Amino acid sequence: MTPSPGAKTVVRPLNNKAQHAKRQSSPNSRRFSLRSVLLWILLLLSAGLFLALAALPVGRLASAAISVGVVVAAFVLGRFAQRFWHARTLTVLLLAFVTFRYFFWRLTGTLPPVDDLVNFVPGVTLFAAEALSFVLFLTSLFVIIDPITREPSEPTGDPALWPSVDVYIPSYNEEPELLETTLAAAVCIDYPRDKLHVYLLDDGGTDQKLAHADPEQAAAALRRRETLTALCGRLQVTYMTRPRNEHAKAGNINHAFQKTSGDLVLILDADHVPTVGILKATVGFFQQDAGLFLVQTPHFFVNPDPVEYNLGTFERMPSENEMFYYSIQPGLDRWNGSFFCGSAAVLRRSALEEVGGFSGDTVTEDCETALELHSRGWRSVYLPRPLIAGLQPETFDSFIAQRSRWTQGMIQLFLLKNPLLKRGLTFSQRLCYLSTMLYWFFWFWRPIFLLSPLCYALFGLEIYRINLPDFACFVIPHVFAAAFLSQFLHGRMRWPLFSELYEYLQSFHVSRAALATLIRPRDPVFKVTAKGQSVEQDGFSPLATPFIVTTLLLIAGLAMCAWRYSVFPEHRAAILPVAVWNSLSLLLALGGLAVVYERKRVRRQERFTVDRPAVLTLADGSAIDLSVADVSAGGVGLLADPRWREQLARPDAAPVLTITATETEAATTTGVRIHRIEMRNGELAVGAGFAPRDRQDIVEMARFVFGNSVGWDDFLDRKRVGAPTFFGGLLFFATRVVPRLGHVLLALPGALRRILTFQAP
């Protein structure tokens, strides 16, 4: 057993039931039956036949006919996938067959000759990028071929015998107002009071920080500790800090882990506000399975990330993380490969004690901890129900900082604790972890795919030997099959080209962190993702330079393709595929340019539409019937009859808002402060901020805004609008990117001057 750095090793013996459950799942204790051996032989023979057919050399016309026939058959079978599991599997295999045929053709017919190094080196580099993405494609198919959809599992039996739960909320530099909301919601969690203990783990007020050599920093740390101690006192939660800031988030949690004793641990990021039912939906899984170490739930976000905000897609399209949390994680769950994502998860103490607490060898302590426990035979569960509401980075540079840390952590895990070599994992778990880690090498293949057409367009290099007939017979069927497969597997969770856009936007800056990690895998340190930052005015991000340069290069490449087409008519069959490739790359680059031209953030907190009757009681005792139209963490929007305008405008009014109960939500009462009154569509629109009078008001406010996951489910369902399979990407760019390009082009000359004169934005 290897404990995480900075944590004491405390081993609590498993009870007999847990020991038995673990032995049942331990890979070392399995015995292969004759039936399983025969099944594996049949599977390998089928795979061999599949590959042989995919590699079978036939003429162009025959190859085109095969590809078209297979895609049509997949379309037909796909209509039965909801009713028959085998139809889903066959559909996936048919579409994968087209990609296999493309890859074998690519390997045998398109690479430059070895003796032509000028073309061979970049050609092989492109092929290596394709090969790596092809491996990811195969492992991803395995992961999501048969996802599990679970329902919540409520605890059963006498509540006095339910497991006790410690709620850990680690914090570093978050504002007290943000922490107050999360803590208040944690106090509201529906669970026996004597079984629930909430802890704020403050790494911003440690003894080390209080003794800082800089008097100003030391004073700021002391003020933080005093402020948060008082806040915890008001909310009746436990404030906890530690002597030194060692081993980042994992060290902070491990310090609390040694000082608490709950049977289960609920981890919440400082900006992840829980619903009241988070434990009622998850604890039952632990009662049913003594060998279970984790129940992970999705990370649901109430604000748009920089891509969603700058393109205006937050309320119109599925978010980037939905494919991971509602397609990939349920797929991982099928193979007992769903892993800890750092927050919104419940873990079993006895399992964590077996590995000395939370792992800290990498900066992704969450996935690392899950890897260690899976390798010891423990099991995990994924519940696809949003039970927290969190915040995403709001500026492009904070978004890149977050993704750089994730990339570093996954590369660290791949190098230091490679799942292919990790003892104790099942074959399925190895593929699951491998797929997750391989994705974070997108920074290698995405820029290569994007910029490769420039090799021919600008320099005349033939790194991908192709003509128009081959393009029609192999490339187009592959692209159509891949697009349909993505739509088939991920449904309404992901629009076409959205993944490519996110990968492109991260690649240039993330690659520096990735390369540094490859060279020195033990060097990266945990960096907290900044939240609550804002963009004060429209303009290019400080990180926009690579995207501007790339766009200009691709424009030049397209112009050179047009020139070559007119000057070299004998090469037109080769120039057209390159021009199409260059055009698609340019489309992606323009999308990136529209994102890194950041829009001013007007709202500090996101609003959500609601429709709840309420009563506003004024200082003089008069009551006004009105309705709640929208809500945010800071306040509510109210609609009232215009005849109440004079009473509401009184400066001495100190109203109390009572939101009436519904079948799923209790009544809520809190003090408010009126900020704005205006007429809107014949009604009086009143903007009011929360002004809690006491602890009870704070708790009720948090419960009303964040307490019910039904609202989050409805919000997600409204966003999940499926795009047309083949033209969804074009529709996305036409409606979201093109309207932004006018502002981008106006700002481009100033950005170019800064780039050429090496000035900071």
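So here's what we get for this one:
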| item | result |
| --- | --- |
| Region 552-629: trypsin sites (Lys or Arg not before Pro) falling in loop per DSSP and having at most 14 other Cβ within 10 Å | 600, 603, 604 |
| Pairs from 249/417; 249/719; 209/249 whose Cα-Cα separation, in the structure shown, is over 22 Å | 249/719 |
| Within the chain: Cβ-based charge dipole about Cα centre, in debye rounded to nearest 20 (Lys, Arg +1; Asp, Glu -1) | 1800 debye |
| Net charge dipole size for region 430-514 [Lys, Arg +1 and Asp, Glu -1 on Cβ; Debye, nearest 20] | 300 debye |
| Given charges at Cβ of Lys, Arg, Asp, Glu: the chain dipole, positive-most of 708, 550, 750 | 550 |
| Pairwise centroid distance, computed over Cα atoms, of region 268-325 with region 85-161, Å | 25 Å |
| Under DSSP loop assignment and at most 10 Cβ neighbours within 10 Å, longest GluC sites (Glu not before Pro)-free interval of the chain | 1-535 |
| Among beta bridges that DSSP assigns inside the chain, antiparallel share in %, nearest 5 | 70 percent |
| P(r) of region 47-119 over all Cα-Cα pairs, binned every 10 Å from zero, in whole percent | 18, 40, 26, 11, 5, 1 |
| The chain, helix-only ellipticity at 222 nm - DSSP H runs n ≥ 4, -39,500 (n - 2.57), divided by all residues, nearest 500 | -16000 deg cm²/dmol |
| From the C-alpha gyration tensor of region 425-464, square roots of 5λ in Å | 35, 9, 4 |
| Carbon and sulfur %, accessible surface of region 137-284 computed with the full protein complex present, 1.4 Å | 52 percent |
| Cα Rg over Rh - the chain, Kirkwood | 0.99 |
| Accessible area of region 627-716 divided out per residue, in Å², using a probe of 1.4 angstrom | 46 Å² |
| Three-way shape call for region 693-759 based on the alpha-carbon gyration tensor, with the a/c threshold at 1.5 | oblate |
| Cα gyration tensor of region 406-559 - equivalent ellipsoid semi-axes, whole Å, descending | 30, 25, 18 |
| Contact order relative to length of the chain, as percent, for alpha carbon pairs under 8 angstrom and 6 or more apart | 16 percent |
| Qualifying chymotrypsin sites (Phe, Trp or Tyr not before Pro) in region 661-761, DSSP loop, other Cβ atoms within 10 Å at most 10 | 758 |
| About the Cα centre, charge dipole magnitude for region 625-678 (Lys/Arg +1, Asp/Glu -1 at Cβ), debye | 260 debye |
| Neighbour cut-off at most 13 other Cβ (10 Å), DSSP loop, chymotrypsin sites (Phe, Trp or Tyr not before Pro), region 583-653 | none |
| Region 220-239 versus region 345-394: alpha-carbon centroid distance in Å | 27 Å |
| Alpha-carbon Rg/Rh ratio, for region 633-761, with Rh computed the Kirkwood way | 1.18 |
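The values are calculated or read from the model by the stated rules, or taken from the named source; none is laboratory data. Keep in mind that this is a model prediction, so the values were computed, not measured. As a convention, Cβ positions derive from the backbone with ideal geometry for all residues, glycine included, and neighbour counts pool all protein chains shown. Just the protein is used for accessible areas: all its heavy atoms, side chains included, with ligands, DNA and RNA removed. Shrake-Rupley method; radii C 1.70, N 1.55, O 1.52, S 1.80 Å.
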